[in-house]
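Written out below as structure tokens is the structure these notes cover.
The values are calculated or read from the model by the stated rules, or taken from the named source; none is laboratory data. In this text, all values refer to a predicted model and were calculated from it rather than measured experimentally. Here the Cβ positions follow ideal geometry from the backbone for every residue, glycine too, while neighbour counts run over all protein chains shown.
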Amino acid sequence: MNEIKNNQKKYEIVAKYIKDISFEIPSPDSFVNAAENLGLYSTKLDLSSKPFKNNLAELNCKFLLEAPDNIKDKIHAEVCISIVFKLIDSKMNADEIKKTILISIPNENFEYMKDIVTTLFQKSGFKNFKFNKPIDFEDLYKKQFTI
């Protein structure tokens, strides 16, 4: 839900879309190995934003699945989802804008992102895959910006 302050929305989602996908299963051995060891793969998330004119900005949410070093036949999966939004509350200070971009917008759109990743894996042959790793964007923000 859009963050609200004094009954005024701070931002509006203009569009969200898949910006980039890289999904590689180099061989049948890689597929079988991944199917057996997918739980050992780590999930990384990278958020980056880019401002545009007229208070528009793009938030890129990149999910990367990485195999442990000891796995020989690996798959590669990377999905970048873009969310274009408009800042509406002109009274927000820099800290509020940063929190909106790195906490509120990802939280509001996390189910959409999880659905894309889950569907990609299921359509790629991993029928029982479900992206169910919780991500606490507020905690990530605090860890990154606490002195």
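Assorted remarks:
- Conditions (1) under 26 Å from Pro134 (Cβ atoms); (2) part of a strand (DSSP E or B); number of the one not met by Val14: (1)
- Checked against (1) in a helix (DSSP H, G or I); (2) surrounded by 12 or more Cβ atoms within 10 Å (Cβ to Cβ), Glu111 passes all but a single condition, namely (2).
- Of the residues making up the range 133-147, those that are closer than 26 Å to Leu38 by Cβ and touching a residue at least 12 places away in the same chain (Cβ under 8 Å) number 4.
- In the set (1) surrounded by fewer than 15 Cβ atoms within 10 Å (Cβ to Cβ); (2) within 27 Å of Tyr11 (Cα to Cα), Thr119 fails one condition alone, (2).
- Just one of (1) within 25 Å of Glu24 (Cα to Cα); (2) among the hydrophobic types (A, V, I, L, M, F, W, C); (3) assigned to a helix (DSSP H, G or I) fails for Ile97. It is (1).
- Test: Lys74 is over 17 Å from Ile18 (Cβ atoms), among the charged types (D, E, K, R) and at pLDDT below 90: no
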